[in-house]
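Read-outs: derived from the displayed coordinates by stated rules, not from any lab. Only a predicted model underlies this, so the values are computations on that prediction, with no experimental measurement involved. Glycine also receives a Cβ, built like all others from the backbone with ideal geometry; neighbour counts cover every protein chain displayed.
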Amino acid sequence: MNNKIPSIPTYVISLERRQDRRKHFVEKNKNKVLSWSFYDAYDAKGLELTYNDLKRMGFDTNQTWKDPMDEQHLSVGGVGCFISHFRLWEICIKLNCPIMILEDDVIIEDDFNYQNIIDLINDGYNLIYPGYAEMGSAKPVEGRIELVIPDYPYWASSYIITPDSAKILVNDEIKHNIIPVDEYITNKLSELNPIAYKNNIIHQLPKDGKSDIDPRWGQNRSYFQDFNVHSYNNVNSVQSLAEFVQNLPDNDVVIYYEDESKFKKYVENEIARKLLYVKSDIIKKDDIFLLNQIQTNVLGIDKIELMPNLMGGKDDFKSDMYVARVSKIKQNLNYQSSWTDTDFDLYE
């Protein structure tokens, strides 16, 4: 390898509790990077980050975002990952020099060369991918067969940013509308001057069914609940439903019921039914996903929902027990104070 000084400050994002991953990174890459250090990732899972915690930190999520590939929502690990990268962008601005950001599951190839990266920075590129996954159609770079202009880059496991690009990425709009970091960088690509290696010189290890970030991978999936849940008893409440939801955020969820004893019985019955599908005599809250997976994949039946499904339309919404977004309740209260089947159909 022909690394030359000056190098680029390099930060390896890694959860402090994952010493196994840190050990593996050092074993594979210790002689391939200079001026590097582990950067403690924000451990959203380990800290059991809640939505209220996130807002107290000055962040919020884009609650309407869905993964363009599989329409899944943001994961807990994805929130922590974004915060980690965001804070490193802030460090880049503070240092006023380019930095390289790596995640701890990468393998650096022998032909990686800091001087080549520095030359690209001097050529005016402010976002450089030594390794990435192209989901679109990258464009060739004239006279440089080893380089491409990325079109739809996935992964943020290895990249170099400059203070100029970091200033573009750091803003209040994204801070209050978090999406996965690779999706966000892709969305900002037109404001940056990116370049990438056609053949990765830094590789991300393949998933083995486990991930601290990606909700699509294995048993570690955990979606981030970026809303609060409220219960409304239509019989005992001193407020009307309209008054109850008036000042609630539109993305919050309301559990509506009329008969508390029926509501309690419904929940008891669903939990009892779920107990039939486990080998042990206890159900913990983390077992819900596993139970639904067993019912769907092993028993070949539809998963049992704890609450009524509103996808069916007006009949579910007009029932004496349902779960709905505040925005949906406000929408229908605003349209009609007294619903009829015909009226409701117009607004579904």
Exercise for review: Quick one: which residues, 5+ away or cross-chain, put their amide H under 5 Å from the amide H of Asn234? H built at 1.01 Å from N.
Suggested key: Tyr257, Glu258
Review point. Residue by residue through region 161-170, which ³J(HN,Hα) values in whole Hz follow from phi under the Karplus form 6.51 cos²θ - 1.76 cosθ + 1.60 (θ = phi - 60°), with glycine and proline marked x?
Key: 10, 9, x, 4, 6, 4, 5, 6, 6, 8
Revision key, fill the gap. Output for region 10-220 (equivalent-ellipsoid semi-axes, sqrt of 5λ from the C-alpha gyration tensor, Å, descending) is 26, 20, 17
Revision key, fill the gap. Phe227 neighbourhood, Cβ < 10 Å, K/R = +1, D/E = -1, net charge -2
Review point. Around Asn199, what is the net charge, scoring Lys/Arg as +1 and Asp/Glu as -1 over all other residues with Cβ under 15 Å from its Cβ?
Key: -3
Review point. Between Asn96 and Val267, 0.36 nm times their residue separation minus their Cα-Cα distance comes to what?
Key: 56.0 nm
Exercise for review: Tell me which residues come under 5 Å, amide H to amide H, from Leu127 once H is placed; ignore anything under 5 positions away on its chain.
Suggested key: Asn193, Ile195
Check your understanding: So, in nm, how far is label Asp60 from label Val170 when the simple model puts each one 7 Å beyond its Cα toward the Cβ?
Key -> 2.2 nm
Revision key, fill the gap. Expressed in nanometres to one decimal, the distance between label points 7 Å along Cα→Cβ at Lys28 and Asn233 is 5.6 nm
Practice item. Give me the number: length gained by fully extending Asp151 to Ser327, i.e. 0.36 nm times residue separation minus the C-alpha to C-alpha distance, one decimal in nm. Key: 59.8 nm
Check your understanding: Between Glu16 and Thr50, what is the FRET efficiency for a Förster distance of 25 Å, r being their Cβ-Cβ separation, to the nearest 0.05?
Key -> 0.80
**Study point:** Distant-in-sequence amide H partners of Met100 (H built 1.01 Å from N, under 5 Å)
**Key:** Thr10, Tyr11
Exercise for review: Return Phe59, Phe82, Phe224 ranked ascending by Cβ neighbour count within 10 Å, so the fewest neighbours appear first.
Suggested key: Phe59, Phe224, Phe82
Point to revise | Table column - 3J(HN,Hα) (Hz), region 179-184, Karplus curve with 6.51, -1.76, 1.60, x for Gly and Pro | key: 10, x, 4, 5, 5, 5
**Study point:** Per residue, the convex hull volume that the Cα atoms of region 1-111 enclose (Å³)
**Key:** 135 Å³
Review point. Ser7 to Glu109: FRET efficiency via 1/(1 + (r/R0)^6), r the Cβ-Cβ distance, R0 25 Å, to the nearest 0.05?
Key: 0.90
Exercise for review: Mind giving me the nanometre distance, one decimal, between the label points for Glu260 and Met135, set 7 Å out from Cα along Cα→Cβ?
Suggested key: 4.7 nm
Review point. Applying the Karplus parametrisation 6.51 cos²θ - 1.76 cosθ + 1.60 with θ = phi - 60° to the phi angles of region 195-204, what ³J(HN,Hα) value in whole Hz is obtained for each residue in order, glycine and proline being reported as x?
Key: 8, 8, 7, 4, 10, 4, 9, 10, 10, 8
